[in-house]
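Contents: one structure, followed by commentary.
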Amino acid sequence: MNSARAAVAAASFVACSSLAAPPGDPIDWLQRIVTGARETTYTGTVVHSAGSSTVTSRVIHVFRDGNEIERIESLDGPRQEIVRVNDHIQCFHPDSKTIRTDKRVSARFFPSLLLAPPAMLAESYHLRLGGIERVAGKDCQWVILEPRDDLRFAHRLCAHLGSGLPLRSAMLGPLPRRQVLEQYSFTDLRLGRDVPAAEVRGTYEPLAADWRRDHQADEEAKPAATGWTVQSPPRGFRLVHELQRKFPGRPHAVSQLVYSDGLAALSVFVEPAASPAELRETLTQDGGLSIYTRPLGDLRVTVLGEVPASAVRQVGRGVVRAAVSSR
Amino acid sequence: MTQEISELMDSELETGRAGRAIRRCCGEDGCRQDWLAYHAIGDVMRGGDVAGARSTRRILDAIREEPTVLAPRRLRLAGAGRVALAAAASVATLAVVAWIGLQQQAPSSPSLAAKSSLPGAAALPASEAVPGVQDYVVVHRQVPAADFYRAVSVTEAVPR
């Protein structure tokens, strides 16, 4: 960081906050990001773009009595609203009069993107600070995470100088093209607004008494020892969730293992193959999403996540029965 | 004419013009077809069922003829409180119809249908090679860029 930028940073920071000067260590910044995304109360508009798709949402986030309460209302396309209380998700679909409930295991909710303690990220990424930029009318510090191998993408987060709240984040493809695979950005943001409880509870909740409640994702996904494990997952990826899920229209329960390096997550699914035609090894990458499948006896292994294709392939080929003694 | 039907449906015509539009719609076959098609579009957008495949064809034909409006037109009713954009509605409906069509052919993500396979695995389009993978994408992303959960709810609203 050059001295002029440092001066701007210092000046903005004094203007924005009465806290001590921001630390210069990327791990400290990532910790500020974790805390800022969780504990800041704000309302704003977020634009999410991935490939050619762009979705704009209004987000209201309140931190109260140690709980995160968040409401995300889609502004594009069919009406839809998500109310999240910590890791509990309710999704309101007024057009089909349906409420879906689920628990967060692998979802990416900008600005709360980090799924592990920041120190863990240093194992998988080279961390450094970038410049200071203005996003949604506020100054933010770029924190740059360069992958240590080709088994994950590069990420950038721009943390508000005062609160640490990420104002923009991007997932980038490999050098030399470095194309933006996915980006979240606030386009307007009001911090610290005292949001009335009724506003956080949601537009549709009062109307939804007789809506169909779909608890399938939530209640039929049970934490369980699936009997499966991954031999030698990519460095830094740890098992963070293991569950059995049921899907509408599928007779068998599906085992799901979720691995994360703290920022990127991938899911492993194992289920009986529906037909012999499915039993082929396939690998595809679509923008930031990679999908791998292979047969395993009469079963099918599927691995997908926001990682390069080589990572889902490595994980998929490493799926084996877990030794009973390890559980 | 189609403009007038669209405005009629959105309650944007004042009484006299609305009366004339309704009389014309009752008398002309083409106009009546448009009127039905536009209601079908509304039904799809509200998550309801469309009566039969013939209406899907009519909708797609109507969408093809609908000009793209890039700027919102002025509301004619003061305080109407809704911006009725026939063209925007058409585009959204087209996406929904296309999605339903794909669902019936192969339960896979439309975005996954057209992309390249990578070395080290069979060179097959994901839509053929990975039936049911869209469910996994939904479960993995949980509540992401809205489109995934939305697609599922629309699919459920259409009887197979």
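For region A:48-66, the set of residues classified as in a strand (DSSP E or B) and not β-branched (Val, Ile, Thr) consists of A:His48, A:Ser49, A:Ala50, A:Ser53, A:Ser57, A:Arg58, A:His61, A:Phe63, A:Arg64, listed by residue number. Within region A:33-60, if we keep just the residues that are touching a residue at least 40 places away in the same chain (Cβ under 8 Å), more than 11 Å from every other protein chain (Cβ to nearest Cβ) and over 16 Å from the mean Cα position of the chain (by Cα), the residue that is surrounded by the fewest Cβ atoms within 10 Å (Cβ to Cβ) turns out to be A:Thr45. Listed by position, the strands (runs of 3 or more DSSP E) contained in region A:84-194 that have at least 2 residues being free of Cβ contacts under 8 Å to residues at least 60 places away in the same chain and over 17 Å from A:Arg38 (Cβ atoms) are A:88-93, A:125-135, A:138-147, A:154-160, A:166-172.
Please verify whether A:Gly316 is more than 9 Å from chain B (Cβ to nearest Cβ) and surrounded by fewer than 24 Cβ atoms within 10 Å (Cβ to Cβ), treating the condition exactly as stated. For A:Gly316, the condition - more than 9 Å from chain B (Cβ to nearest Cβ) and surrounded by fewer than 24 Cβ atoms within 10 Å (Cβ to Cβ) - is not met.
In this structure, is A:Leu239 over 17 Å from B:Gln142 (Cβ atoms), surrounded by fewer than 19 Cβ atoms within 10 Å (Cβ to Cβ), touching a Lys or Arg at 6+ places or on another chain (Cβ under 8 Å) and more than 8 Å from chain B (Cβ to nearest Cβ)? Criteria not met by A:Leu239. Considering region A:248-257, and only residues there that are at the interface with chain B (Cβ under 10 Å from one of its Cβ atoms) and buried (at least 20 other Cβ atoms within 10 Å of the Cβ), the residue that is modelled with the highest pLDDT turns out to be A:Gln256.
In region A:280-303, the residue that is farthest from A:Leu157 (Cα to Cα) out of those that are outside any strand (DSSP E or B) and within 10 Å of another protein chain (Cβ to nearest Cβ) is A:Arg280.
The values are calculated or read from the model by the stated rules, or taken from the named source; none is laboratory data. Source: prediction; values computed, not measured. Note: ideal-geometry Cβ built from the backbone for every residue, glycine included; neighbour counts use all protein chains shown.
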